[in-house]
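Below you'll find the structure, written out as structure tokens, and then a few comments.
The values are calculated or read from the model by the stated rules, or taken from the named source; none is laboratory data. Bear in mind the structure is a predicted one, so any value in this text is a computation, not a measurement. Every residue, glycine as well, gets a Cβ built from its backbone with ideal geometry; the counts of neighbours run over all protein chains shown. The accessibility values were calculated without ligands, DNA or RNA, using every heavy atom of the protein model including side chains. Shrake-Rupley method; radii C 1.70, N 1.55, O 1.52, S 1.80 Å.
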Amino acid sequence: VMKLSDSVKTLPGVGDVLSNKLAQANISTVADCIHTLPRVYDDYSQVTPISQLRPGPVSIEATIQSISGRYVRRGMHITEAIAQDDSGSVRIVWFNQSYRSRQFKAGDKYFLSGEYKLSRQRFTLMNPAAEASSNFPINTARIVPKYREVHGITSRELRKIIKATLPLIDSLEETLPNWLIKQQSLMSRSAALKQLHFPDSVDKLSEAKQRYGFEEVFELTLAALLNKEAFRRDESSKIPFKPELAKSFVDKLPFNLTDSQRRAVWQIYQDMQRNEPMNRLLEGDVGSGKTVVACMAALMAISSGYQVAFMAPTELLAQQHFATINTLLKPLGYRNEVALLTGSLSASKKTEVQKHIAAGKKQFIVGTHALITENVSMQHLGLVIVDEQHRFGVDQRKKLQQKAGHMPHVLHMTATPIPRSLALTVYGELDISLLIDKPAERSTVSTQLISAKGKEQMYRDVLKQLAAGRQAFVVCPLVEPSESLPVPSATTMYEALKQGVFSKYTVGLLHGKQKPADKEATMQAYLRKEIDVLVATTVVEVGVDVPNATVMIIEGAERFGLAQLHQLRGRVGRSEHQAYCYLVMSQNVSPSRRLRALESSNDGFRLAELDLELRGPGSLYSTLQHGALDLRVASLTDTELIAAARNAAREFIDKQEDLLQYPELRGRVERLRTITNLH
């Protein structure tokens, strides 16, 4: 009897060569085969009389009247046949399939499915799949599944292999509770898998996708909610809210807080007064003022004797945050409490800072990954702030939390707008605060698509900005020129602009291959206005704050994701001066829906929803460093499905269901618990 754990070699037709190919595609067992789902489907389910054929994908049931093969130019083989049913006959052509002339028996009926189109002035059935109509068809006369082709394994081969597993699919055990299946009117798991591989009809396929998609989102939200529950069971130190201190901080700010900032601060203060640890995501579009909110949270912690760790993804960002935080706290008398700890500090300086931290003399520690090395010992870690939290792995966050000896309050910050559907699933264990309005002094960035012809006018406009004392960024997709990719590189663009259109100005170069010290020196020179035009790669994507820069030129804009383009655009428009973003397209590239959306909208949340719709979650959120979002059936734009699955996951927990009763569900939920946001 075939078992799920059996090797693929036990399946008919799978020898050493095919099993090796399958292994490279991570298909080693019968279970792996069953759970390799189709990517798309071709609908050949309508069997049409030959006399009624119309151009497009068709299926016929016919006998082969005549068939012959011949070689033509350059070794190409053509097989031609005439097929006939009661209504008429049709010409069939196959290219380079010489075995076809041996496939058919006189008088037998066959299903043939393929493209019916005009060829050499007559309608012909081109390259159809063919199977005896007396058998269960898997390649013809049905909705035919197409699988992702990897390592040379064709969909045809996979269909044949999976057909052999059908008896086992029929006997698969259920993975969801019966009450849930009834409540949601779901197909059984075994029926759904069978329909996904070999659908009986469009309706049955839709039902199967609903069942499978529901289960995927249910598992994801259940994992997030279980993590949230576990997080709440931990104990954290209560950090009291001091109204007078908060008022004093706000009064000394050189600007007014937005309504969103006030709301977010209040939510954070309420969280920190509890015994259970805060686990909040502060989500705000570029330039919405997250650092001020984080600083207000930290102020309550340090004023009560707790230490705060503020972790940034790069040294440059850590240094910028350090400078901003010092500026914000200085009016309140906090001058020596803030420390900067990064990898590039000299050994002696690092040791000195570490001693101050260990002794509790430094209460607000800003740094990079260096904060979670073994040498950093913290006395009373009460609050952890993680900027651009998706750039840190789960293990790194755990290490930082362990430094406290208990669970500190945790505030994550991201400038990547998260679509609501992702917020409910992947980020479901976090409470979310949104900064939806920008500070009044920030200007809206004027965005323009530029073709190769429009570059001259663009440079004239940029020169006016430079003449007015402003600065510009020029971002390129590559560091060095590439023979295979005809897109601008930072090094060649730097040379061209320095000697050409911007020869009267100082041009700088910044990219990831430079030494950290060189990158830092260039960035500091740009901040001091010693560099007018900075040619860079996407190293400037996150958090670089240069208020005097009003121009962002993005070369080869079509090569960037929507979210990334929006982040880059957010590097300008950070002052009262009008800012401009130019999306320069490579030669012979026409503007996509993505680029046009960017031109017409500055709303990061709307753009994030569009990016999710156009590109899927994987490309938008490399946030999950491990492909947790391998949703193969569910769409994260299906808000009804997400709401139903989330409610069901909540009910599953409220009913105190025991995951041990559902071994397969438990295995997947446990895996997702380790790779969703935290814990």
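Mind listing whichever residues of segment 26-47 are outside any loop (DSSP other than H, G, I, E, B), in contact with a helix residue (DSSP H, G or I) (Cβ under 9 Å, 6 or more places away or on another chain) and either charged (D, E, K, R) or open to solvent by 60 Å² or more (accessible area, probe 1.4 Å) (or both)?
Asp32, Asp43
Only residues that are open to solvent by 20 Å² or more (accessible area, probe 1.4 Å) and either touching a Ser or Thr at 6+ places or on another chain (Cβ under 7 Å) or of a type in the set (Gly, Ala, Ser) (or both): list them for segment 264-274, please. Full working, then the answer.
Of the residues in segment 264-274, the ones open to solvent by 20 Å² or more (accessible area, probe 1.4 Å) are 266-267, 270, 273-274.
If the condition is that a residue be open to solvent by 20 Å² or more (accessible area, probe 1.4 Å) and either touching a Ser or Thr at 6+ places or on another chain (Cβ under 7 Å) or of a type in the set (Gly, Ala, Ser) (or both), then Gln267 is the only one that fits.
Which of the residues belonging to segment 116-145 are open to solvent by less than 10 Å² (accessible area, probe 1.4 Å) and over 15 Å from His197 (Cβ atoms)?
The answer is Thr124, Leu125, Pro128, Ala130, Thr140.
Considering only segment 11-52, state which residues are among the polar types (S, T, N, Q) and under 30 Å from Phe123 (Cβ atoms).
Applying the first criterion (among the polar types (S, T, N, Q)) to segment 11-52 yields 19-20, 24, 26, 28-29, 36, 45-46, 48, 51-52.
Within segment 11-52, Ser45, Gln46, Thr48, Ser51, Gln52 qualify.
Any residue at all in segment 623-646 that is under 26 Å from Arg571 (Cβ atoms), open to solvent by less than 70 Å² (accessible area, probe 1.4 Å) and at pLDDT below 80? Let's see the steps before the verdict.
Start the filter on segment 623-646 by keeping residues that are under 26 Å from Arg571 (Cβ atoms), which leaves 623-625.
Those left that are additionally open to solvent by less than 70 Å² (accessible area, probe 1.4 Å): 623-624.
Keeping just the survivors that are at pLDDT below 80 gives 623-624.
Yes, that holds for at least one residue.
For segment 210-241, enumerate the residues that are farther than 21 Å from Glu640 by Cβ and among the basic types (Lys, Arg).
Kept after step one, since they are farther than 21 Å from Glu640 by Cβ, are these residues of segment 210-241: 226-241.
Across segment 210-241, the qualifying residues are Lys228, Arg232, Arg233, Lys238.
Quick check, is Asp86 over 30 Å from Ser5 (Cβ atoms) and either open to solvent by 40 Å² or more (accessible area, probe 1.4 Å) or not small (Gly, Ala, Ser) (or both)? If you could, list the steps in order and put the result at the bottom.
Working: over 30 Å from Ser5 (Cβ atoms): yes; either open to solvent by 40 Å² or more (accessible area, probe 1.4 Å) or not small (Gly, Ala, Ser) (or both): yes.
Answer is yes for this residue.
Which condition does Gln97 not pass, out of (1) assigned to a loop (DSSP other than H, G, I, E, B); (2) open to solvent by 50 Å² or more (accessible area, probe 1.4 Å), if it passes all the others?
Just one mismatch for Gln97, condition (2).
For segment 181-205, give me each residue that is open to solvent by 10 Å² or more (accessible area, probe 1.4 Å), part of a helix (DSSP H, G or I), closer than 23 Å to Leu4 by Cα and among the aliphatic types (A, V, I, L, M).
Ala191
Looking at segment 17-25, is at least one residue modelled with pLDDT under 95 and not in a helix (DSSP H, G or I)?
Step one: of segment 17-25, the residues modelled with pLDDT under 95 are 17-25.
Then keep just the ones that are not in a helix (DSSP H, G or I); that gives 25.
Yes, segment 17-25 has at least one match.
Within the bounds of segment 54-73, is there any residue that is closer than 28 Å to Asp203 by Cβ, open to solvent by less than 50 Å² (accessible area, probe 1.4 Å), modelled with pLDDT under 95 and of a type in the set (S, T, N, Q)?
no
Consider Asn178 carefully, then state whether it is more than 30 Å from Ser7 (Cβ to Cβ) and open to solvent by 60 Å² or more (accessible area, probe 1.4 Å). Even if it seems obvious, please write down each step before you answer.
Working: more than 30 Å from Ser7 (Cβ to Cβ): yes; open to solvent by 60 Å² or more (accessible area, probe 1.4 Å): yes.
Here the answer is yes, as Asn178 does meet what is asked.
In segment 319-349, which residues are open to solvent by 40 Å² or more (accessible area, probe 1.4 Å) and among the polar types (S, T, N, Q)?
Gln319, Thr324, Thr327, Asn336, Ser344, Ser346, Ser348, listed by residue number.
Name the single residue that is farthest from Glu388 (Cα to Cα) among those in segment 284-310 being part of a strand (DSSP E or B) and modelled with pLDDT of 90 or more. Spell out how you get there, then give the answer.
Initially, segment 284-310 is screened for residues part of a strand (DSSP E or B), giving 284, 307-310.
Next, from what is left, pick out any that are modelled with pLDDT of 90 or more: 307-310.
On the way: Gln307: 21, Val308: 17, Ala309: 14, Phe310: 11 Å.
Ranking the qualifying residues of segment 284-310, first place goes to Gln307.
For Asp42, all conditions in the list (1) touching a residue at least 60 places away in the same chain (Cβ under 8 Å); (2) within 26 Å of the chain's Cα centre (by Cα) hold save one; what is the number of the exception?
Only one criterion in (1) touching a residue at least 60 places away in the same chain (Cβ under 8 Å); (2) within 26 Å of the chain's Cα centre (by Cα) is unmet by Asp42, namely (2).
Select from segment 559-589 the residues that are of a type in the set (A, V, I, L, M) and part of a helix (DSSP H, G or I) and list them in ascending order.
Result: Leu562, Ala563, Leu565, Leu568.
So which helices (runs of 4 or more DSSP H) stay within segment 404-521 end to end and still have 3 or more residues that are closer than 27 Å to Arg574 by Cα and either aromatic (Phe, Trp, Tyr) or more than 28 Å from the chain's Cα centre (by Cα) (or both)?
On the way: elements: 420-424, 455-467, 490-499.
Those helices (runs of 4 or more DSSP H) span 455-467, 490-499.
With Leu220, Leu281 as the choices, which residue is under 21 Å from Ile653 (Cα atoms), among the aliphatic types (A, V, I, L, M) and modelled with pLDDT under 90? So that I can check it myself, show each step before the final result.
On the way: Leu281 fails: under 21 Å from Ile653 (Cα atoms).
That would be Leu220, the only listed residue that is under 21 Å from Ile653 (Cα atoms), among the aliphatic types (A, V, I, L, M) and modelled with pLDDT under 90.
When the residues of segment 49-89 are filtered to those that are under 24 Å from Ile143 (Cβ atoms) and among the charged types (D, E, K, R), which remaining residue is farthest from the chain's Cα centre (by Cα)?
That would be Asp85.
What are the residues in segment 424-478 that are at pLDDT 80 or above, under 17 Å from Val286 (Cα atoms) and hydroxyl-bearing (Ser, Thr, Tyr), if any?
Once the filter is applied, which keeps residues that are at pLDDT 80 or above, under 17 Å from Val286 (Cα atoms) and hydroxyl-bearing (Ser, Thr, Tyr), segment 424-478 yields Ser433, Thr444, Ser446, Thr447.
Results for (1) modelled with pLDDT under 80; (2) of a type outside the set (A, V, I, L, M); (3) open to solvent by less than 10 Å² (accessible area, probe 1.4 Å), shown as yes or no for each residue.
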{"position": "Cys581", "(1), (2), (3)": "no, yes, yes"}
{"position": "Pro591", "(1), (2), (3)": "yes, yes, no"}
{"position": "Glu599", "(1), (2), (3)": "no, yes, no"}
{"position": "Arg606", "(1), (2), (3)": "yes, yes, no"}
{"position": "Glu609", "(1), (2), (3)": "yes, yes, no"}
{"position": "Glu613", "(1), (2), (3)": "yes, yes, no"}
{"position": "Gly616", "(1), (2), (3)": "yes, yes, no"}
{"position": "Leu620", "(1), (2), (3)": "yes, no, no"}
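Checking Val475 against (1) open to solvent by 60 Å² or more (accessible area, probe 1.4 Å); (2) under 17 Å from Ala536 (Cα atoms); (3) in contact (Cβ under 8 Å) with a residue 12 or more places away in the chain, which test does it fail?
It is condition (1) that Val475 fails.
What residue, of Val47, Val40, is at pLDDT 95 or above and within 30 Å of Lys194 (Cα to Cα)? Quick ask: steps written out before the conclusion?
Details: Val40 fails: at pLDDT 95 or above.
It is Val47.
Table: residues versus (1) under 26 Å from Leu4 (Cβ atoms); (2) open to solvent by less than 10 Å² (accessible area, probe 1.4 Å); (3) in contact with a strand residue (DSSP E or B) (Cβ under 8 Å, 6 or more places away or on another chain); (4) β-branched (Val, Ile, Thr).
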position: Ala164; (1), (2), (3), (4): yes, no, no, no
position: Glu207; (1), (2), (3), (4): yes, no, no, no
position: Gly213; (1), (2), (3), (4): yes, yes, no, no
position: Asn227; (1), (2), (3), (4): no, yes, no, no
position: Arg233; (1), (2), (3), (4): no, no, no, no
position: Ser248; (1), (2), (3), (4): no, no, no, no
position: Asp251; (1), (2), (3), (4): no, no, no, no
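So, Glu480, is that one exposed (fewer than 13 other Cβ atoms within 10 Å of the Cβ), touching a Lys or Arg at 6+ places or on another chain (Cβ under 9 Å) and either free of Cβ contacts under 8 Å to residues at least 12 places away in the same chain or more than 20 Å from Val551 (Cβ to Cβ) (or both) or not? So that I can check it myself, show each step before the final result.
Details: exposed (fewer than 13 other Cβ atoms within 10 Å of the Cβ): yes; touching a Lys or Arg at 6+ places or on another chain (Cβ under 9 Å): yes; either free of Cβ contacts under 8 Å to residues at least 12 places away in the same chain or more than 20 Å from Val551 (Cβ to Cβ) (or both): yes.
Answer is yes for this residue.
Six or more apart or on different chains, Cβ under 8 Å: which pairs go from a residue in segment 226-244 that's within 19 Å of Gly382 (Cβ to Cβ) to one that's acidic (Asp, Glu) and modelled with pLDDT of 85 or more? Could you list them?
Phe231/Glu276; Arg232/Glu276; Arg233/Glu276; Asp234/Glu276; Glu235/Glu276; Ser236/Glu276
Of the residues in segment 317-369, how many are in contact with a strand residue (DSSP E or B) (Cβ under 9 Å, 6 or more places away or on another chain) and of a type outside the set (Gly, Ala, Ser)?
26
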